[in-house]
Every structure is written in C-alpha cells, then in structure tokens.
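Worksheet: the structure to be examined is printed underneath.
The values are calculated or read from the model by the stated rules, or taken from the named source; none is laboratory data. Predicted model, so just to flag it, every value in this text is computed and none were measured. Virtual Cβ from ideal backbone geometry, glycine too; neighbours counted across all protein chains shown. When the accessible area is computed, the model is the full protein with side chains, heavy atoms only, and any ligands, DNA or RNA have been set aside. Shrake-Rupley method; radii C 1.70, N 1.55, O 1.52, S 1.80 Å.
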Amino acid sequence: MPEARDTLMPGRWSGFSPVTFILLVAAGGLILSSMQSVAPSPKQLVDGVPGMVSLVDRMLPPNTDPAFLKRIGLRIVETFQIALVGAAVGVLLSLPVGWLAARGITPFGRGGYLVKAFVSLLRTVPDLVWALLFVATVGLGAVAGTMTIIVDTVGFCGRFFAEAMEDSDKEPQEALSAIGASRMSILFGAILPDAAPSLINTSLFALEKAVRSSVVLGLVGAGGIGQELKVAFDLFQYKNASMIILAIFVIVLVMEYVTDRLRASLQ
Amino acid sequence: MPDLLEDTRSGLLPENVITPLRQGEETTNGAATILATSDLRKYYDRATPVLQGIDLSIRAGERVALIGSNGSGKSTLLKCLIGIHPNSGGRVTVMDHSFSRLPDAGQRRNIRRSTGFVFQKHCLVRRRTVLSNVVHGMLGTEGSWRGFSQAIAPEAWRLAALEALSEVNLESFALRRADALSGGQQQRVAIARALVRRPRLLIADEPAASLDPVSGRDVMELFSRLCKQHGITLLFTSHDMAHAREFSDRVVALRQGRIFLDRPSADVTDRDLQETFDA
Ligand SMILES: Nc1ncnc2c1ncn2[C@@H]1O[C@H](COP(=O)(O)OP(=O)(O)OP(=O)(O)O)[C@@H](O)[C@H]1O
Ligand SMILES: [Mg+2]
C-alpha cells in the first residue's frame, strides 16, 4: 500500500515554513547590504598593503634598550598583579553570588532570578566600558583596572558557579536536609564539595580571561602594560610598540601554559 | 527488644524496664507508641490521591516492613511522616509531636534530631571522606555548623562517628573518599550516618534495592541487629519479600493508597503477598 506509506512519511522539509524562508531571505539581504558599507573593497585591500609593509618596517627591530625593558618589566608585573588580585577577589565574591543565584538552592527563592539578572548585567557590559567607568570614578591607574577585573570575573564566575551548584548531586543534599542540616551546612557539606572541580576549572578560566583583559585595560588608562602600548602608538614609537606586543604575546602564552598545567594536575 | 515487650505484656516484667524509651501515649499493649497516623491523606495533585486515609500505629522498638507495588505510596508515606512533604489531610504523631499539614520548625527539628534516614542510594557526598559523611549525621544537633567536615568537627563527634563506623565494620575506611567504596559499603556508611546520633526511630526507603543479594542481606541483617541492640524502632520499605518477612516483626502492605494488610511477620502468608501485588 504505497499510498498509505506516503501519508505516514514525514516531509523532507518539515519545519521549513514560509516564515522561516522569509526570515532567511531577509537575513541574506541584510548581510549583503551591510557588506557594501563596512567590508573592505578589493581596492582598499590592495592600497593598504604598502602601508602595512611600511608599518612593519618601522616596527623592526623591537626596542631592546635596557631602560625601556626595565620599564616594560615593571608594567608586566603590574599587569599580573591586576589580573591576580582582580581574579582572586572576583572568584571569592562569586561564591556567595553564585549561591544566591542558583536555582533551587538560593535562599531567595524566585528572587534568585534577580541576582542572575544582575550577574548578566555585569557580564554583558564589555570590560573596556567598565574600565572607562572606573577610570572616571577612581582615576587613572591600576586600581581602576583591578576593579574592572573584579566586576568582569563576578559576571563570568557568578553565572558558572551558579550553574555548577545547580548541577550538583541532589540526593546527598536531600539526605542532609532530612537529617536537619542548615542551609549553610548543606552548602559546605554537600554542594561545594560536589561542585569543587567545576568551580576550580571556572576559576582558572577566569584567571586566564583576567590576564587577557588586564593587558588591554591600559588602552583606556586603567593601568598595566596596555598603557605603554597606547603611549607607544600615540607617539609613533613603533619599535617600542612591537616590543610590547611581543611581551603581551609571552604573557598570554605563559598564562595559558600555567593554567593548562594546573587543570591537568587537578584531573 | 521485642522479647522484652512480650514479657511486659504478659506481666512478667515491671513496666519501667522499657520506660527509658518513654515514647508518649500508651497503647493497649502496654508499649509506648512512637509513631501514629490517623486518616493520613496525601495527593500531589488533586486528581490523583496517593494516600487515601492511612491509620498506622507503631510501638517503640518494633521493626516494621512496608511493602506494596511500585507507586503504591510507600516513599510518600515515609516522607509525610517526617514532614518532608506536606500532608493533605489527617494527623501524624511522631514522638510526642503531633501535626496535621507540616510540623512547625521546632517540631521538625526535634523529629529529625531523633530520627535516622537511609535512602536507596546516592545519598553520600561522593568527594568527601567516609568519616566526614558519618559526621554529617550530627548536623541538625546543637552547634551544628562544624559538622560539614570531619576536619573541623568537635572531637566528640569524630569519636561518635568512628564508633558508628566500627559498628558497621568500616572503621579502617574512615579516611577513604566515599565514592571509592562499593555500593554495599556505601550503604553501610549511610547506616552509620543514621546511627551516629543514636536515633529512636530509623526510617529506610529500600535500603537494599541497589545492592547485590549478598550485600543486600548483609545490610538488612546489620539493620535488624543494630536496631534490636539499641532499641531503635525501624520502619523500612522493601520489594524483597524475604527481607520484609525476615527482618521485621510486622508487615504492613499498602495497596491503592490504603493499608491492605497489617500483621505480624510470622503470620504473613504467600497468599497475602500475592493479593498485595495483584493488579
Ligand atoms: N514529588 C512528587 N510529585 C508528584 N507526584 C509524585 C511525587 N512523588 C511521588 N509521586 C506519585 O505518587 C505516587 C506514589 O509514589 P511513591 O514514590 O510514594 O511510590 P512507592 O510506593 O514508593 O513506589 P516505588 O516502589 O516505585 O518506590 C506515584 O504515582 C508517583 O507518581
Ligand atoms: Mg519508593
């Protein structure tokens, strides 16, 4: 009975409604029209090549003057300090924040969503915007940078800590609650031990992220090595700039190596 | 304990031999009632009643097996008894604390303080030591916050935990991580956790269900022996009819939300069991 089978056969394009089709065409049109106004034309690309070559030419060789290197070295230390302090404080703050935001665990009940929304706000505002705000409030320098990293870390860890706690094993928590344990005892006795690997992993990512953003915070005057980079470009000292870019490269590489090793040792 | 009760009833022993337990109202049998329900009702949603009027009375020191088919409401009954779920009607009296919907905060604390629980499985904190898991049993008692890890727990609690562990023959595993133990060993740790604060009532929901036949029997024997030894009242559910008859003094069967059968284990016939599980 081929007819009967035909009617049972699911359509090949089921779920591909006219609405979907119209939306796809509209999206395609939007991309094409945007391309005209912002994408580089082939001519612009070709014309840019000599400029690029001359820039690279002016950047080489990188400046290795000892006095300059010493200044850069101090800035690198400052960058690490911003990242380390910012990430550490941020992770510590994220623990209670994540707890308050975790569905089914927060003492606020439904109010946990408000905490989650707050964390999302911290996360969705870009770090450079936070840096601008803090430079405007506490002034130029590393303190503004550290505050930026703290806020950024809470935005990141707050969310993932909450999720790790939500995913933690429910049975032991119920067992402890049946025993009569308080919320705090359940948090420290069952939730945190179970979520610990995930919390540590997230914290290491947060540290990596903190190093990466502390490198660029200086562009808006929030301390660290980015500040030197901005000065170098502003004053057309391209040989300094190339040295700084190399230094940034090394910083990020070292950081990734270290956190990878830490993660591996935790497994 | 049951022998003692027997003797009290026949007038051979003075009443005060068992009064140290002193569990409230006297029943006609002379032994104190530790747990009673009257017309207990429970539905999760109005359309489907789960418990439809349970009248149950358990005397101190009794070991009661609760049986019934899947979904007959055994776990629900256990949870209603200690106020994990709110009751929809009727009254529950546990160790002098009488409540209708839910016990109030003070009652709940008192009930849970003198009740131990053992669940089917997964009830240990996996990444903590065995000793920490047993110390957890002290949570909910006075000054409880230090009980979340053995490392910072009061010395008396650690000693009590170690003693409870030796009762289940696991003292040499004290500092192992809980998830490094076999299922049967984990269940014994859970029993130690339930025993550590010397409860008067022990409630166990299918304690042997995830264990192989030999470990399951070991665990049930352990339960039965320790409860007898310490005069603890035991209420457990089981799908293993041999366990239900052998390790209890009394069998209570639920069927369609009502008590279908309630008699001494020795008198339970195969026919009774068959009718309990008949569709
Ligand atoms: N938390 C809950 N929310 C809604 N319905 C529930 C809940 N817990 C149990 N039920 C329902 O109540 C009924 C009784 O469940 P219960 O778990 O008490 O049965 P049980 O006798 O313990 O069964 P089993 O032998 O399978 O453990 C079932 O129909 C179940 O679907
Ligand atoms: Mg059940």
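Filter the stretch A:168-199 down to the residues that are more than 7 Å from chain B (Cβ to nearest Cβ) and closer than 14 Å to B:Met138 by Cα and list them by number.
A:Ser177, A:Ile186, listed by residue number.
Before we move on, is B:Leu226 at pLDDT 90 or above and open to solvent by less than 20 Å² (accessible area, probe 1.4 Å)? Give the derivation first.
Numbers: at pLDDT 90 or above: no; open to solvent by less than 20 Å² (accessible area, probe 1.4 Å): yes.
Spelling it out, it is not the case that B:Leu226 is at pLDDT 90 or above and open to solvent by less than 20 Å² (accessible area, probe 1.4 Å).
Would you call A:Ala181 at negative phi and not in a helix (DSSP H, G or I)? Show your work before the answer.
Details: at negative phi: yes; not in a helix (DSSP H, G or I): yes.
Against the criterion (at negative phi and not in a helix (DSSP H, G or I)), A:Ala181 qualifies.
I need the helices (runs of 4 or more DSSP H) fully contained in the stretch B:112-230, keeping only those with at least 2 residues that are touching a Lys or Arg at 6+ places or on another chain (Cβ under 9 Å) and facing chain A (nearest Cβ under 10 Å). So that I can check it myself, show each step before the final result.
Working: elements: B:130-135, B:155-167, B:183-195, B:213-230.
Fully inside the stretch B:112-230 and qualifying: B:130-135.
Does A:Thr202 satisfy the criteria of being closer than 23 Å to A:Leu121 by Cα, touching a Cys at 6+ places or on another chain (Cβ under 6 Å) and more than 14 Å from every other protein chain (Cβ to nearest Cβ)? Walk me through it before giving the result.
Values: closer than 23 Å to A:Leu121 by Cα: yes; touching a Cys at 6+ places or on another chain (Cβ under 6 Å): yes; more than 14 Å from every other protein chain (Cβ to nearest Cβ): yes.
Considered against the rule, which asks whether it is closer than 23 Å to A:Leu121 by Cα, touching a Cys at 6+ places or on another chain (Cβ under 6 Å) and more than 14 Å from every other protein chain (Cβ to nearest Cβ), A:Thr202 comes out as yes.
Going through the stretch B:48-96 one residue at a time, which ones are within 11 Å of ligand 1 (Cβ to nearest atom), assigned to a strand (DSSP E or B) and either of a type in the set (Ser, Thr, Tyr) or modelled with pLDDT under 90 (or both)?
Initially, the stretch B:48-96 is screened for residues within 11 Å of ligand 1 (Cβ to nearest atom), giving B:48-51, B:66-80, B:84-85.
In the following step, the residues that additionally are assigned to a strand (DSSP E or B) were identified as B:48-51, B:66-67.
If the condition is that a residue be within 11 Å of ligand 1 (Cβ to nearest atom), assigned to a strand (DSSP E or B) and either of a type in the set (Ser, Thr, Tyr) or modelled with pLDDT under 90 (or both), then B:Thr48, B:Pro49 are the ones that fit.
Do we find a residue being in contact (Cβ under 8 Å) with a residue 40 or more places away in the chain, surrounded by fewer than 16 Cβ atoms within 10 Å (Cβ to Cβ) and more than 12 Å from A:Cys157 (Cα to Cα) anywhere in the stretch A:109-119?
So far as the stretch A:109-119 goes, no, none of its residues is in contact (Cβ under 8 Å) with a residue 40 or more places away in the chain, surrounded by fewer than 16 Cβ atoms within 10 Å (Cβ to Cβ) and more than 12 Å from A:Cys157 (Cα to Cα).
From the list B:Val94, B:Val64, which one is within 16 Å of ligand 2 (Cβ to nearest atom), open to solvent by less than 50 Å² (accessible area, probe 1.4 Å) and touching a residue at least 60 places away in the same chain (Cβ under 8 Å)?
The unique qualifying residue is B:Val64.
Taking the condition of being more than 30 Å from A:Ala210 (Cβ to Cβ) and assigned to a helix (DSSP H, G or I), how many residues in the stretch A:56-78 meet it?
Of the residues in that region, 3 qualify.
What's the number of the condition B:His239 fails, among (1) open to solvent by less than 30 Å² (accessible area, probe 1.4 Å); (2) part of a loop (DSSP other than H, G, I, E, B); (3) away from every other protein chain (no Cβ under 14 Å); (4) within 16 Å of ligand 1 (Cβ to nearest atom)?
Here B:His239 meets the rest and fails (1).
Just give me the residues in the stretch B:164-174 being without any contact (Cβ under 8 Å) to a residue 12 or more places away in the chain and open to solvent by 70 Å² or more (accessible area, probe 1.4 Å), in sequence order.
Start the filter on the stretch B:164-174 by keeping residues that are without any contact (Cβ under 8 Å) to a residue 12 or more places away in the chain, which leaves B:166, B:171-172.
B:Glu171, B:Ser172, listed by residue number.
Could you pull out the residue among B:Ala208, B:Ala174, B:Ala180, B:Ala194 that is closer than 26 Å to B:Arg59 by Cα, more than 16 Å from ligand 2 (Cβ to nearest atom) and of a type in the set (Gly, Ala, Ser)? Working first, answer last.
Numbers: B:Ala208 fails: more than 16 Å from ligand 2 (Cβ to nearest atom); B:Ala174 fails: closer than 26 Å to B:Arg59 by Cα; B:Ala180 fails: closer than 26 Å to B:Arg59 by Cα.
Step by step, each of B:Ala208, B:Ala174, B:Ala180, B:Ala194 is checked, and only B:Ala194 is closer than 26 Å to B:Arg59 by Cα, more than 16 Å from ligand 2 (Cβ to nearest atom) and of a type in the set (Gly, Ala, Ser).
Being over 30 Å from B:Gln52 (Cβ atoms) and open to solvent by less than 40 Å² (accessible area, probe 1.4 Å) is the requirement here; does B:Ser132 meet it? Spell out how you get there, then give the answer.
Details: over 30 Å from B:Gln52 (Cβ atoms): yes; open to solvent by less than 40 Å² (accessible area, probe 1.4 Å): yes.
Yes.
B:Lys42: within 19 Å of the chain's Cα centre (by Cα) and either open to solvent by 20 Å² or more (accessible area, probe 1.4 Å) or at pLDDT 85 or above (or both), yes or no? First the steps, then the outcome.
On the way: within 19 Å of the chain's Cα centre (by Cα): no; either open to solvent by 20 Å² or more (accessible area, probe 1.4 Å) or at pLDDT 85 or above (or both): yes.
In short, no.
Could you please give the count of residues in the stretch A:230-247 that are part of a helix (DSSP H, G or I) and open to solvent by 30 Å² or more (accessible area, probe 1.4 Å)? Reasoning before the result, please.
To start, the set of residues in the stretch A:230-247 that are part of a helix (DSSP H, G or I) comprises A:230-234, A:238-247.
Okay, now just the ones that are also open to solvent by 30 Å² or more (accessible area, probe 1.4 Å), so A:230-231, A:233-234, A:238-239, A:243, A:245-246.
Number of matching residues: 9.
Are there any pairs with C-beta distances below 9 angstrom linking a residue in the stretch B:216-231 that is closer than 16 Å to B:Gly184 by Cβ to a residue that is among the hydroxyl-bearing types (Ser, Thr, Tyr), with the two at least 6 apart or on different chains, and if so which?
Partner pairs satisfying both residue conditions: B:Gly216/B:Ser210; B:Met220/B:Ser238; B:Ser224/B:Ser248.
Using the structure shown, decide if A:Pro40 is free of Cβ contacts under 8 Å to residues at least 60 places away in the same chain and outside any helix (DSSP H, G or I). Talk me through it step by step, then tell me what you get.
Details: free of Cβ contacts under 8 Å to residues at least 60 places away in the same chain: yes; outside any helix (DSSP H, G or I): yes.
Spelling it out, A:Pro40 is indeed free of Cβ contacts under 8 Å to residues at least 60 places away in the same chain and outside any helix (DSSP H, G or I).
Restricting the stretch B:188-205 to residues that are touching an Asp or Glu at 6+ places or on another chain (Cβ under 9 Å) and open to solvent by less than 40 Å² (accessible area, probe 1.4 Å), which is nearest to B:Gln120 (Cα to Cα)? Don't jump to the end; show me each part of the working.
The first filter runs over the stretch B:188-205 and keeps only residues touching an Asp or Glu at 6+ places or on another chain (Cβ under 9 Å), leaving B:188, B:191-192, B:195-196.
Then drop every residue that is not open to solvent by less than 40 Å² (accessible area, probe 1.4 Å), which leaves B:191-192, B:195-196.
Values: B:Ile191: 11, B:Ala192: 15, B:Leu195: 16, B:Val196: 19 Å.
Selected residue: B:Ile191.
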